[in-house]
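Chemist: Mind looking over this structure? Questions follow.
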Amino acid sequence: MFALAGKSVVVTGASKGIGKGIASVFARADANVAVVARNAEQVAACAAELDLLGTGRVIGAVTDVCDPESCTALARTVTDAFGGIDVVCANAGIFPEAPLATMTPQQLDEVLDVNVKGTVYTVQSCLDGLRASSAGRIILTSSITGPLTGFPGWSHYGASKAAQLGFMRTAAVELAPHGITVNAVLPGNILTEGLVEMGEDYIASMTRSIPAGTLGRPDDIGYLAAFLATDEAAYITGQAISVDGGQVLPETPEAVLPLDAATS
Ligand code: NAP
């Protein structure tokens, strides 16, 4: 049960952070994995590192998900290397801060281009491969921010992450006759390179708001993505699933108990 060995998996934004965690879980499950990002050096280093983890092959594919032609080339590269495409994890995303009052059109475009259009282009380019697969799977990395919560300075980001879910629901309906499922993972706060750039104060305040008492790890997202990619998850589609240590649950900050409450 839950076998992923030999599946052909595309993970965008995989040179670091959550995408690397997702790619690493698939590599450990003996899948063939394409590590996708823009920085060629980081892509090559990550692919070489993950290639050691399982019996499948891990390759790098330098791609800008904002560019449809680059995404088409990605699909061709993966199909040539692995003989098809079974799983697409559209994870690449950016989260620069831009308060609403001062947000420029360029800042808005940049976030929508990567997070929304990049998701659509990635999925579109891999459709032929997914249709040919016996169990095509699309897994989007959305966020709790937007679909479930708000945070000052990230209204454009929240809009982009909610837009991914709108896309997911119609794509799930369109692709269901082809046996393809489309689901989204909603990470809470996951300790990645991108999150570290938000600063220590941000991380400390987020940690205090999480009932589990700790930020998540990239692998935590990878484990859900891996399950959604299995043959056994065939009847789950159009769903948004949070992986957040319970972060969205407390009604007040006081409802988050200190960790030592577990012993009292
Ligand atoms: P990260 O550490 O900054 O990594 C982002 C990855 O995306 C890198 O591999 C980056 O490589 C790639 N990327 C960025 N723009 C790209 C483009 N145009 N084309 C291809 N690849 C691109 O970010 P992260 O924290 O892992 O976040 C990953 C995803 O999770 C994002 O969608 C984010 O919104 C979501 N998320 C994260 C958190 C969190 O707590 N970390 C929470 C909720 C949701 P290059 O720059 O070399 O292209």
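Chemist: On the given criteria, is Ile138 of a type in the set (Val, Ile, Thr), under 24 Å from Val111 (Cα atoms) and part of a strand (DSSP E or B)?
Modeler: On the way: of a type in the set (Val, Ile, Thr): yes; under 24 Å from Val111 (Cα atoms): yes; part of a strand (DSSP E or B): yes.
In short, yes.
Chemist: What's the number of the condition Phe227 fails, among (1) open to solvent by 30 Å² or more (accessible area, probe 1.4 Å); (2) within 15 Å of the ligand (Cβ to nearest atom)?
Modeler: (2)
Chemist: In the set Thr72, Thr77, Thr102, which member is more than 26 Å from Ile190 (Cα to Cα), without any contact (Cβ under 8 Å) to a residue 24 or more places away in the chain and not hydrophobic (A, V, I, L, M, F, W, C)? Let's see the steps before the verdict.
Modeler: Numbers: Thr72 fails: without any contact (Cβ under 8 Å) to a residue 24 or more places away in the chain; Thr77 fails: without any contact (Cβ under 8 Å) to a residue 24 or more places away in the chain.
Just one listed residue meets the conditions, Thr102.
Chemist: Collect the residues in the stretch 1-46 that are within 15 Å of the ligand (Cβ to nearest atom), part of a helix (DSSP H, G or I) and open to solvent by 50 Å² or more (accessible area, probe 1.4 Å), keeping them in residue-number order.
Modeler: Filtering the stretch 1-46 for residues within 15 Å of the ligand (Cβ to nearest atom) gives 10-25, 33-46.
This time we only want the ones that are part of a helix (DSSP H, G or I), so: 17-25, 40-46.
Matches in the stretch 1-46: Lys20, Ala40, Glu41, Gln42, Ala44, Ala45.
Chemist: Also: I'd like the residue in the stretch 55-64 that is within 20 Å of the chain's Cα centre (by Cα) and open to solvent by 50 Å² or more (accessible area, probe 1.4 Å) and, out of all such residues, is nearest to the ligand (Cβ to nearest atom). Full working, then the answer.
Modeler: Looking only at the stretch 55-64, we keep the residues that are within 20 Å of the chain's Cα centre (by Cα), and these are 58-64.
Checking which are open to solvent by 50 Å² or more (accessible area, probe 1.4 Å) leaves us with 62, 64.
Details: Val62: 8, Asp64: 5 Å.
Step by step, filter the stretch 55-64, then rank; the result is Asp64.
Chemist: Glu49 is checked against (1) within 13 Å of the chain's Cα centre (by Cα); (2) more than 8 Å from the ligand (Cβ to nearest atom) and fails just one. What number does that condition carry?
Modeler: Going through the list (1) within 13 Å of the chain's Cα centre (by Cα); (2) more than 8 Å from the ligand (Cβ to nearest atom), Glu49 breaks only (1).
Chemist: Looking only at the stretch 65-124, which residues are aliphatic (A, V, I, L, M), more than 16 Å from the ligand (Cβ to nearest atom) and part of a loop (DSSP other than H, G, I, E, B)? Step through it out loud before you land on a result.
Modeler: Here is the first cut: in the stretch 65-124, the ones aliphatic (A, V, I, L, M) are 65, 73-75, 78, 81, 85, 87-88, 90, 92, 94, 98, 100-101, 103, 108, 111-112, 114, 116, 120, 123.
Then keep just the ones that are more than 16 Å from the ligand (Cβ to nearest atom); that gives 81, 85, 87, 100-101, 103.
Correct list: Ile85, Leu100, Ala101, Met103.
Chemist: Evaluate the following for Thr207: is it modelled with pLDDT of 95 or more, open to solvent by less than 20 Å² (accessible area, probe 1.4 Å) and of a type in the set (S, T, N, Q)? If you could, list the steps in order and put the result at the bottom.
Modeler: On the way: modelled with pLDDT of 95 or more: yes; open to solvent by less than 20 Å² (accessible area, probe 1.4 Å): no; of a type in the set (S, T, N, Q): yes.
So Thr207 fails the test.
The values are calculated or read from the model by the stated rules, or taken from the named source; none is laboratory data. What you see is a predicted model; the values in this text were computed from it and never measured. So basically every Cβ, Gly included, is an ideal-geometry build from the backbone, and we count neighbours across all protein chains shown. With ligands, DNA and RNA removed, areas are computed over all heavy atoms of the protein, side chains included. Shrake-Rupley method; radii C 1.70, N 1.55, O 1.52, S 1.80 Å.
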